[in-house]
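What follows is a single structure, written as structure tokens, with notes after it.
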Amino acid sequence: MEFSSLFFISCILPLIVLCYYLIPDVGRRNIFLIAVSFLIFGMCQPVYIPLLLILSRATFRMAQKVRKGCRGTVCLPVAVNLAALLMLKYADPILVQLGVFADKGGLFLGLAKGLVEWLNSLGMTLRLPNTLAPLGFSFFVVSSVSYLLDVYRGKCVPEKSYRDFLLYLMFFPKFFQGPLVRYGEMRGQIRERRDNFRRVFDGILRFVTGLGKKVLLADYCGRIIAEMAVSKSDLALVGSWLGAVLFLLRIYYDFSGCCDMAVGLGKILGFRLPENFNTPYLAMSVTEFWERWNVTLRAFFVDNLYDPLCKGREGSLNRFLALLLTVLLYSLWHGATFNFVIFGLYFVVILLIESKFEGFITDLPYWLRHTLTILCLMFGWVIFANPDMASFANTIKAMIGEGGFSILGDGARVAGSIPLIAACWVGVTSVPGQVRRFWRGLCGIGVKQNHTEQKTIMELVYLVSCFGYILLILWLCVISRVGSPVQPSIFMNL
Amino acid sequence: MNKLNRILCAILLARLLLSFAWAVLDKAPDADSKPAITVSSILDGSCFRTLEENYVDTYPNRDQILEKFDKLEEFYEFDREKIK
């Protein structure tokens, strides 16, 4: 479900918050949150609820038998989870690419379609699914595997309460698009939370900021890209570069906006979810970029794959193989199409070049390093955005000028997109953070000083200004949502 | 200040709930069809999508909001026809 939809903002969210704060104790609030999470998931794909319940129950039961440091006890539950992910998300696309069951869209999708047709013959009118994997299934499986491996490493003890474990897995703010939360980070919060209305207000502020990023920036970039995709046949030099820049901005605002909304929702409901982005486009190298982008998922792959693969194995070849496997699996996590293999290999090459020529790159001027990083990322996102090799080749050809240099149509598009690109570009810098810190500092927020009348007035000014900001962004988002339909997030189908 | 935070949160919540109540109670001129809720539509998720679309289509003061939306579009993009 899209948190940026008008129905969610003006109906579901206020009702959830109202009911949540009417419930007096944490235990019943947790039950309510589980019910709400299933309800929100069920609004999109109710047929998958039994699967999630069975898989979560199996993981919970098997985790009880996992012993610290005993590899044999953790292999089975991890394998069960990964097998479910492989079967539902990856098997069919791989089979189709190999030409097996290609006419049916794959083996499992073919079986599902057969089942739907049989049910329809009994009088139902169900739609055929386009894909088998439930929404947010990758995050669901990765959260389960993360919990199992944390139990195996002794970072947390097996959970005794299935209810608490289910809330950890299904908690709706982070279920669909992350951030990925370690069980240890959430466990204490599930058991004990205190109402803090300052945090609730901060949560609303954060949610609305994410909403603005998604609705007012990412979706507008997406609309221009969609317009350009319609006229892709005459893609020329300027247009292709414009598309690449817009996609670079869109993917950041889309994903970080959704994560901001998740963190904000978490705060509103009394949870502290981890940050997932740290101004990634300010990175001075691609290596640094990946340390700032989707931080929680990167940490999962580094802790559970890269580090164990490197541990006890010296030598550059071993490190290279570990890097190759980690980056490939990380990129394939985004989808099962061939472009994600290329995407992974491309970044492995870049990371190796950066590692090999680290001294030379560090000596380059600041502006050149930053420009090179952005260009590398732009090409990476071009690979990400083109699922088939033909469209990727067309885009690259256009970017190097083979599609012609005509700017007649594209010129208008470029000029038309300048305000949006400028606004987006300011947003990816440290300017918004600095403005926020300056304003907080000016109002004395977070500064330890004696309680004075002046401080109270400044805090009041700060709160009122935040309230005005929330109302303004909400108003603009409502106008945008009434005028244009919800654009599904890029990472929604993971 | 915690009290003020509480009041502001309550105002926001009330504002959102009121807009929802208004949308439900105030029947817009083109709101002549309600989404059909069937077992099949619930199972394949289309029921909620239709409900969501219906909610946007029947949003109160939709025409005035759409006028504002056109102005917002102008802010984002220069008039392409004029540029051409």
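What follows is calculated from the coordinates using simple rules that are stated; it is not laboratory data. Here the structure is a predicted model, which is why all the values come from computation and not from measurement. Neighbour counts are summed over all protein chains in view; Cβ atoms, including those assigned to glycine, are modelled from backbone coordinates with ideal geometry.
What's the exposure ranking of A:TRP241, A:TRP381, going from fewest to most Cβ atoms within 10 Å?
Ranking A:TRP241, A:TRP381 by Cβ neighbours within 10 Å, fewest first, gives A:TRP241, A:TRP381.
222 nm [θ] for chain A, helices only, -39500 (n - 2.57) per DSSP H run of 4+, per residue, to 500? Present the calculation step by step, with values, prior to reporting the outcome.
On the way: 24 runs with 333 residues, N = 494.
Dividing the helical sum by the residues of chain A leaves -21500 deg cm²/dmol.
Could you tell me the calculated FRET efficiency between A:GLU192 and A:GLU402, based on Cβ-Cβ distance and R0 = 45 angstrom, to the nearest 0.05?
Details: r = 62 Å, r/R0 = 1.37.
It comes out at approximately 0.15.
By count of other Cβ within 10 Å, fewest leading, how are A:ILE418, A:ILE350, A:ILE12 ordered? List each step's numbers first, then the result.
Numbers: A:ILE418 11, A:ILE350 22, A:ILE12 19.
Fewest-to-most Cβ neighbours within 10 Å comes out as A:ILE418, A:ILE12, A:ILE350.
I need the calculated FRET efficiency for the pair A:THR456 and A:TYR20, taking r as the beta carbon distance and R₀ as 41 Å, to the nearest 0.05. Provide the component values of the computation, followed by the final result.
Values: r = 29 Å, r/R0 = 0.72.
Approximately 0.90, to the nearest 0.05.
Can you pull the Kirkwood radius for chain A, inverse mean 1/r over Cα pairs, to one decimal in Å? Please report the intermediate quantities before stating the final value.
Values: mean 1/r = 0.0404 Å⁻¹.
Value: 24.8 Å, from the Cα pair sum.
Using a Förster radius of 45 Å, what is the FRET efficiency between A:LYS160 and A:LEU368 based on their Cβ-Cβ separation? Nearest 0.05, please. Can you show the working numbers first?
On the way: r = 56 Å, r/R0 = 1.24.
Calculated value: 0.20.
Can you sort A:TRP367, A:TRP475 from fewest to most other Cβ atoms within 10 Å of each residue's own Cβ? Could you put the intermediate results ahead of the total?
On the way: A:TRP367 8, A:TRP475 12.
Sorted ascending by nearby Cβ count, the order is A:TRP367, A:TRP475.
Near A:GLY203, within a Cβ-to-Cβ distance under 11 Å, what is the net charge of the other residues, with Lys and Arg +1 and Asp and Glu -1? Could you put the intermediate results ahead of the total?
Details: positive: A:ARG198, A:ARG199, A:ARG206, A:LYS267, A:ARG272; negative: A:ASP202, A:ASP260.
Once all neighbours under 11 Å are counted, the net charge is +3.
Within region A:1-143, how many Lys pairs that are eight or more residues apart, or on different chains, come under 28 Å at the alpha-carbon?
On the way: A:LYS65/A:LYS89; A:LYS89/A:LYS104; A:LYS89/A:LYS113; A:LYS104/A:LYS113.
Eligible lysine pairs with Cα atoms under 28 Å apart amount to 4.
Determine the sum of side-chain charges near A:LEU372: Lys and Arg each +1, Asp and Glu each -1, restricted to other residues whose C-beta is under 14 angstrom from that of A:LEU372. Please report the intermediate quantities before stating the final value.
On the way: positive: A:ARG369; negative: A:GLU288, A:GLU354, A:GLU358, A:ASP363.
Within the 14 Å Cβ shell, the charges total -3.
Compute the label zone of A:VAL341 within region A:96-127: residues whose backbone N is under 13 Å from the point 7 Å along Cα-to-Cβ.
Backbone N within reach: A:96-99.
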